[in-house]
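Note sheet for the following structure.
The values are calculated or read from the model by the stated rules, or taken from the named source; none is laboratory data. Just so it is clear, the structure is predicted and the values come from calculations on it, not from any experiment. FYI the Cβ positions are ideal-geometry reconstructions off the backbone, even for glycines, and counts take in every protein chain you see.
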Amino acid sequence: MTLRWTALVAAAFLAGCAITAGRRDDGRMDAAARFAPERLIVVTVANDSADIANRAGSTPRGYDGFQRYGVSSTARATVAALARDYGLKEVAAWPIAPLRMHCVVFAIADGTSRAELLGRLAHESRVRLAEPMSTFGTLGESYNDPYFSLQRGFERIDAASAQRWSRGDGVRVAIVDTGIDATHPELRDRVVVTRNFVDADNTQFLRDRHGTEVAGVIAAAANNHLGIVGVAPGVKLLSLKACWQIAADRDAARCNSFTLARALVAALEDRAQVVNLSLAGPADPLLAALVEQGERRGIIFVGAVPQGPARNSPSFPAGVAGVLAVDTAEGHAPTDGPLLAPGREILTLTPQGHYDFASGSSLATAHVTGTVALLLAGRRHLDRASIYALLSRTSTRSVGTDGVVESINACAALASVLGQGGCDDSALAANSAVGAAVPITVAQPVEAH
């Protein structure tokens, strides 16, 4: 029987995302497919690479050669059989080396209940994992009131004092987000890897707001006579675009299970030490498995807590055990749960050399990521559990317009792990190399929106 497919999925398939014999498994999602997530499912099958011919120079050691890991003929046959048996059409695919699985995005036929189909696939012996294509969103809120007083998150976490001992030098921080404006004067020479798992539009990559905002909080340059200072200005940034910006003048963005999985594996491949996930969405088994694999390798994952009614629901990334969950310090009572950090009215970077204010747990997450980089530069053996305990124990409380506010304290945490003295202003003043000792100024007109 001929199946009637939606125009969007058909366009995605015809555009070349489907994997057939002789085509490259590059995992790229066509734009049309990305905007029809309710008709998509993600399925993984076992991918034993034993029947793939070894290449010269290959080694049997772990995952030394990600690029040598391909799709076995058995996995391809299994995917083809599943498509035939369940009336599915392949949209994109990619072999996941860390999990030894082949991941496929299938489009389901019109009139098919996705829930019922996934229920059947859950009992399918040929399937390792089957889940809906989840949608994720970044967690920023645009500043739109020019009369609100400026709240300096950098100062609240005492990053200036912490930079006496560490600037995060050499720590590799992956930002899984939208693109980043690597040409911004505050980020030049800091972005060492750029990879795009959404499209081929490199011009838009540099114009993306949300990733640029997050990068600014983490790594804006110090002592360059410009704008702001990042929490960890010595880090190396890996810009892994898994989210697409919804509107040109807003930082809201969307991602999905497949693009995020691609970016997480890239973080493993590119030897990230910290992964910033300033986004949120539903619980996702595939993404959780990749985080678990990364944590085994010593990677620290930092993720934003969703806002509103979804705050207490199962979620990714904050709901995954291997993630340092972060919420905004403002408006939340001190808690033994997520780490709290500044997230309201944070002055940061925007594309084309500009600066602006932004709010949300995305920015709070970036403050924690920068602080983790400071800690790892001083003590590289720290794991997620010890970092969480350290940041929780050294968090400080203050009384302000929001009442009692608790926040991480970068200097207190670093002083504790390094066995240094207190975090006093006199010691900071004696260190002329600390860029944050200079008052923070805005080098470009602030664009309120």
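With respect to being of a type in the set (S, T, N, Q), modelled with pLDDT under 90 and over 26 Å from the mean Cα position of the chain (by Cα), SER73 falls outside the description. For the residues SER278, SER239, the requirement of being in contact with a His (Cβ under 9 Å, 6 or more places away or on another chain), at pLDDT 95 or above and under 27 Å from PHE357 (Cβ atoms) singles out SER278.
When residues in the stretch 173-195 are screened for being touching a Ser or Thr at 6+ places or on another chain (Cβ under 9 Å) and polar (S, T, N, Q), 2 of them pass.
Which of the following residues is assigned to a loop (DSSP other than H, G, I, E, B), at pLDDT below 95 and surrounded by 24 or more Cβ atoms within 10 Å (Cβ to Cβ): GLY343, GLY337?
Values: GLY337 fails: surrounded by 24 or more Cβ atoms within 10 Å (Cβ to Cβ).
On inspection, the qualifying residue turns out to be GLY343.
Let's see how each residue does on (1) out of contact with any Pro (no Cβ under 7 Å at 6 or more places or on another chain); (2) farther than 16 Å from ILE346 by Cβ; (3) surrounded by fewer than 16 Cβ atoms within 10 Å (Cβ to Cβ); (4) modelled with pLDDT of 90 or more:
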| position | (1), (2), (3), (4) |
| --- | --- |
| GLY137 | yes, yes, no, no |
| GLU141 | yes, no, no, no |
| ASP145 | yes, no, yes, no |
| PHE154 | yes, no, no, no |
| ALA162 | yes, yes, no, yes |
| VAL171 | yes, yes, no, yes |
| ALA174 | yes, yes, no, yes |
| ALA182 | yes, yes, no, yes |
| ARG190 | yes, yes, no, yes |
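Of all residues being within 23 Å of the chain's Cα centre (by Cα) and surrounded by fewer than 22 Cβ atoms within 10 Å (Cβ to Cβ) in the stretch 97-114, which is farthest from ASN47 (Cα to Cα)? Just the residue, please. The extreme case among them is PRO98.
Scanning the stretch 100-111 for residues that are assigned to a loop (DSSP other than H, G, I, E, B) and closer than 10 Å to LEU88 by Cα turns up just one, ALA109. Of the helices (runs of 4 or more DSSP H) that lie entirely inside the stretch 196-300, those containing 1 or more residues that are surrounded by 24 or more Cβ atoms within 10 Å (Cβ to Cβ) and not hydrophobic (A, V, I, L, M, F, W, C) span 209-219, 257-269. Selection of first residues in the stretch 278-301 that are outside the structural domain of GLY216 (by TED's automatic domain parsing) and over 23 Å from ALA253 (Cβ atoms) and of second residues that are of a type outside the set (Phe, Trp, Tyr) and part of a helix (DSSP H, G or I), restricted to Cβ pairs under 6 Å at least 6 apart or on distinct chains, gives an empty result.
Considering (1) farther than 17 Å from ALA174 by Cβ; (2) modelled with pLDDT of 95 or more, the lone condition that ASN202 does not fulfil carries the number (2).
Restricting attention to the stretch 115-132, which residues are of a type in the set (Gly, Ala, Ser) and surrounded by 17 or more Cβ atoms within 10 Å (Cβ to Cβ)? It would help to see each step written out before you state the result.
Residues of the stretch 115-132 of a type in the set (Gly, Ala, Ser): 115, 119, 122, 125, 130.
Once the filter is applied, which keeps residues that are of a type in the set (Gly, Ala, Ser) and surrounded by 17 or more Cβ atoms within 10 Å (Cβ to Cβ), the stretch 115-132 yields only ALA130.
Elements of the type helices (runs of 4 or more DSSP H) sitting completely within the stretch 372-440 and holding at least 1 residues that are of a type outside the set (S, T, N, Q), surrounded by 16 or more Cβ atoms within 10 Å (Cβ to Cβ) and modelled with pLDDT under 65: these cover 425-429.
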